[in-house]
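Participant: Just passing along the structure, written as structure tokens.
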Amino acid sequence: MKTFELKGELREAIGKKATKAFRKEDKIPAIIYGGESKEAVHFTVTNSDVRKLIYTPEIFLVNLTVGSNSYKAILKDIQFHPVTDAVLHLDFLQVFDSKPIVIDVPVVLDGLAEGVKAGGKLSLDLRKLKVKAMYDKVPEKLHIDVTGLALGKSVQVGELSFDNLELLNAKNAVVCRVQLTRAARGLAAKNNG
């Protein structure tokens, strides 16, 4: 997992009025929770500082410095404005070496499926899988080999297993499939007829 350095300013004022004032200054209100004290830490970050953290499919371990305290965290949730898509709020989860985390990891399909060679179309139904693991064991991407995937077949979550990871999606959820196309149907009918 890649690391991302981020500095935040502690905020004393919490509430709608204070939040509006921060946003006018091009700052994003944020919170980090999950620490041993059970107290959430409220802080602000600038838009330019978090742009490379937010607008990427990659997962980062964030080395967060707020005031004089340092935290290891992951970005847990982002709230966007429904119309302007401006970032309204960020939620960070503090991570520890002894506690597993739950996070969505992007899926990458490797290889050329047999069904695609036969005229089918490969589709990725789940772009991310929810996994539970220690933060240092979470991969940047989950690679799934599809070379043996035949026409009309699919890969379900229950068929997958990765070292040091527990998959939390429904076992019967389809990750990817090779669908029969019209061209492939026509070819099959022509060969059979």
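Participant: Taking the range 27-39, which residues are at pLDDT below 85 and either closer than 17 Å to GLN79 by Cα or not polar (S, T, N, Q) (or both)?
Facilitator: GLY34, GLY35, GLU36, LYS38, GLU39
Participant: Continuing with the same structure: Being within 23 Å of LEU129 (Cα to Cα) and hydrophobic (A, V, I, L, M, F, W, C) is the filter; apply it to the range 37-72 and report the residue that is farthest from the chain's Cα centre (by Cα).
Facilitator: VAL62
This table checks each residue for (1) under 24 Å from GLU12 (Cβ atoms); (2) crowded, with 17+ Cβ neighbours inside 10 Å.
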{"position": "LYS38", "(1), (2)": "yes, no"}
{"position": "PHE43", "(1), (2)": "yes, yes"}
{"position": "ARG51", "(1), (2)": "no, no"}
{"position": "ILE54", "(1), (2)": "no, no"}
{"position": "PRO57", "(1), (2)": "no, no"}
{"position": "PHE60", "(1), (2)": "no, yes"}
{"position": "SER68", "(1), (2)": "yes, no"}
{"position": "ILE74", "(1), (2)": "no, yes"}
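Participant: Can you spot a residue in the range 79-101 that is touching a residue at least 40 places away in the same chain (Cβ under 8 Å) and under 13 Å from LEU6 (Cα atoms)?
Facilitator: yes
Participant: For the range 18-37, give me each residue that is part of a strand (DSSP E or B) and farther than 13 Å from GLN94 by Cβ.
Facilitator: Matches in the range 18-37: LYS27, ILE28, PRO29.
Participant: Something else: Filtering the range 1-26 down to residues that are at pLDDT 85 or above and within 29 Å of LEU142 (Cβ to Cβ), which residue is surrounded by the most Cβ atoms within 10 Å (Cβ to Cβ)?
Facilitator: It comes out as LEU6.
Participant: Identify the single condition in (1) touching a residue at least 60 places away in the same chain (Cβ under 8 Å); (2) in the same structural domain as ARG177 (by TED's automatic domain parsing); (3) surrounded by fewer than 17 Cβ atoms within 10 Å (Cβ to Cβ) that LEU122 does not satisfy, given that it satisfies every other one.
Facilitator: Here LEU122 meets the rest and fails (1).
Participant: Now for a different question. Restricted to the range 138-153, and to residues that are surrounded by fewer than 15 Cβ atoms within 10 Å (Cβ to Cβ) and out of contact with any Pro (no Cβ under 9 Å at 6 or more places or on another chain), which residue is nearest to LEU61 (Cα to Cα)?
Facilitator: So, considering only residues that are surrounded by fewer than 15 Cβ atoms within 10 Å (Cβ to Cβ) and out of contact with any Pro (no Cβ under 9 Å at 6 or more places or on another chain), the one nearest to LEU61 (Cα to Cα) is HIS143.
Participant: State yes or no: is LEU112 of a type in the set (A, V, I, L, M, F, W, C), modelled with pLDDT of 90 or more, in contact with a helix residue (DSSP H, G or I) (Cβ under 9 Å, 6 or more places away or on another chain) and surrounded by fewer than 19 Cβ atoms within 10 Å (Cβ to Cβ)?
Facilitator: Here the answer is no, as LEU112 does not meet what is asked.
Participant: List pairs: first in the range 7-30 and under 12 Å from VAL87 (Cβ atoms), second among the acidic types (Asp, Glu), Cβ under 8 Å, 6+ apart or cross-chain?
Facilitator: Hits for this filter: LYS27/GLU9; ALA30/ASP91.
The values are calculated or read from the model by the stated rules, or taken from the named source; none is laboratory data. Remember, it's a predicted structure, so these values are computed and weren't measured experimentally. For neighbour counting, all protein chains shown are included, and Cβ atoms are generated from backbone atoms with ideal geometry for every residue, glycine included.
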